[in-house]
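Reading through the structure tokens given below for one structure.
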Amino acid sequence: MKKKPSLSGQALPIIAATGVSQAVTALLFIVAARLSTVDLFGLAATSVALGMVISGLLDFGFNSFFTRDLAASRVSVEVYWAKAKTKIAIGAIVATVWFCVLIQFNDLLAQSSLIFLSVLTFQTLLVPLRAQSRGGLLASLFLVERLLAAVMFALLLQVGVDSATSLMLALVFGTGCAALVAMNDLRASTKGTKVRAHRGVPWIGSRNYGVSALSNSLQQLDLPLLTLFGGPIVGGIYGAINKWTQPLGIVANAFATASTPFIAKANSTKDAIIEVKKSRWIVWLSCFLAAAMVPLAPSLISTLLGAKYLSAVPVFQLLALGTIPGIVNQLLATGLQARGYDKQVARISASGVLLQLATVSSLAWSIGALGAAIAYSTLQSGVFIALTLLLIRKINLEDLS
């Protein structure tokens, strides 16, 4: 009899692989920042952020919605694959139009369309693996994605390509190669199965997930807005360190990814909490790592980026502090969505991000990158309170029924 996969057993390989992946990403950004002028690197970092935002916009909750429904056996992998192909085809059209428009203004910004399409395709193809709790393969793909990007980055620098362009092209190459591997696996699992074509809109049913996903993607507009209202140098300061907070949340990201199938299959919210609590040490570890980065910020920035980025120290410290409630928010939001509260989570996410972006825009001209850090920390704290209250309400309603 095949042993049932445990939540910890699924999460740990993803944590390890994502940790290496994010460390490599941070290293690539550090090298690109050191080899480039602050304003040019600011444009490259802004372009990456734009690509990620557009990817989230077009996904519109598709991935999260089908992860839940595939895990709960409400839809088959074959039907999912048919819908996924339609989504990717639409993405290719959008990327082409986006590139043709932006190439008229700036080459680096135009490359955001390549980031968008590669990320959209890769994340879409990972959905069945997440739903089926195939943590080992997910971990392998995360490693392949970033290690190939690092190799390509080094090769491009060797042949004389500037560091900003090398960063963009390397990220696209790594993600594209990993997407091909995931596509081959998905095709193999549906080989020989006839599936009726799904010509309708792929996002039917995922509206609430879409609003939450859209909110998460729009959150990355803090860097473009900071660049717009504060200038490219301010954007470069923030862009050089805002990716550093992502490794602080890798444990929570992996844990939330692995927990979705378990929470969706649970008989009640209390049962889901009991299942998650067995591996709660993973969340505590993530919070500890975030807190530990605060006192280390001055030496890290001085050593890795140099004196020209010392003004980023308090910015990074605030981002690290804001990551602590953000870590818990990821698990709370994922759990509540899996238990059917996707509409309420969407409302909380949307209102929080809109407030964050408004704060960034209003503070960029006066206190620069520090304004973006203040906005992020305030958002995460407010969302934590709202999601906690929503979870208590969910448990009380189930007790009454």
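Bear in mind that the values in this text are calculations on the coordinates, not laboratory data. None of the values given here were measured: they were computed from a predicted structure. Because the Cβ atoms are built from the backbone with ideal geometry, glycine has one as well, and the counts that use them run over all protein chains shown.
Of the listed peptides 173-183, 107-117, what is their order by residue-averaged count of other C-beta atoms within 10 Å, with the highest listed first?
Details: 173-183: 20.3, 107-117: 22.6.
In descending order of packing, they fall as 107-117, 173-183.
Let me have the 222 nm mean residue ellipticity of the chain computed from DSSP H runs of 4+ only, each contributing -39500 (n - 2.57), with the sum over all residues rounded to the nearest 500.
Numbers: 19 runs with 329 residues, N = 401.
-27500 deg cm²/dmol, from helical runs alone.
Could you tell me which of rounded, prolate or oblate describes region 257-378, using a ≥ b ≥ c as the square roots of the eigenvalues of the alpha-carbon gyration tensor, with rounded for a/c under 1.5 and, failing that, prolate when a/b is larger than b/c and oblate otherwise?
Details: a/c = 4.15, a/b = 1.66, b/c = 2.50.
Since a/c reaches 1.5 but b/c is at least a/b, the shape of region 257-378 is classed as oblate.
Compute from the Cα atoms of the chain the Rg and the Dmax, the latter being the longest Cα-Cα distance, and quote both in angstrom.
Cα-based Rg and Dmax for the chain come out at 20.5, 67 Å.
Between E78 and L35, what FRET efficiency follows from the Cβ-Cβ distance if R0 is 51 Å, with the result rounded to 0.05? Please report the intermediate quantities before stating the final value.
Values: r = 47 Å, r/R0 = 0.92.
In this case the efficiency is close to 0.60.
Highest mean first, what order results for 302-311, 32-41 on Cβ atoms within 10 Å?
Working: 302-311: 14.2, 32-41: 19.5.
Highest-to-lowest ranking by the protection proxy: 32-41, 302-311.
Apply the membrane-span-like helix rule to the chain: whole DSSP H runs, Cα extent along the own long axis of at least 18 Å, mean Kyte-Doolittle hydropathy at least -1.0. List the helices found. Can you show the working numbers first?
Working: long enough: 7-35 (41 Å, 1.50); 38-59 (31 Å, 1.62); 77-102 (36 Å, 1.25); 112-125 (20 Å, 1.59); 135-158 (35 Å, 1.84); 163-189 (39 Å, 1.16); 250-265 (24 Å, 1.04); 281-304 (32 Å, 1.78); 313-338 (37 Å, 1.26); 342-367 (37 Å, 0.73); 369-400 (47 Å, 1.15).
Span-like helices, by this rule, are 7-35, 38-59, 77-102, 112-125, 135-158, 163-189, 250-265, 281-304, 313-338, 342-367, 369-400.
Taking only C-alpha pairs under 8 Å that are 6+ residues apart, what is the relative contact order of the chain in percent?
Numbers: 597 pairs, mean separation 94.9, N = 401.
Normalised by residue count, the contact order of the chain is 24 percent.
To make sure I understand the rule: partners must be aspartates and glutamates, Cα under 12 Å from the Cα of K270, and not fewer than 8 residues away in the same chain. Which ones qualify?
Those aspartates and glutamates meeting the cut-off are E398, D399.
Exceeding 27 Å between C-alpha atoms, which entries from my cross-link table qualify? They are K87/K278; K85/K278; K87/K277; K265/K394; K243/K277; K83/K394.
Details: K87/K278 37 Å; K85/K278 37 Å; K87/K277 36 Å; K265/K394 17 Å; K243/K277 29 Å; K83/K394 32 Å.
Pairs exceeding 27 Å: K87/K278; K85/K278; K87/K277; K243/K277; K83/K394.
Applying a 10 Å radius around every beta-carbon, put 50-59, 17-26 in order of their mean neighbour count, most first. Before the final figure, lay out the partial values.
Numbers: 50-59: 23.1, 17-26: 19.7.
Taking the mean over residues of other Cβ atoms within 10 Å, the ranking is 50-59, 17-26.
Mind putting a number on the dipole of the chain about its Cα centre? Charges go on the C-beta only, +1 for Lys and Arg and -1 for Asp and Glu, and I need it in Debye to the nearest 20.
On the way: 30 positive and 14 negative charges, 303 e Å.
About 1460 debye.
Compute the distance in nm between two label points, each set 7 Å from the Cα along the Cα-to-Cβ direction, one at K277 and one at K343.
So the label points at K277 and K343 sit 3.0 nm apart.
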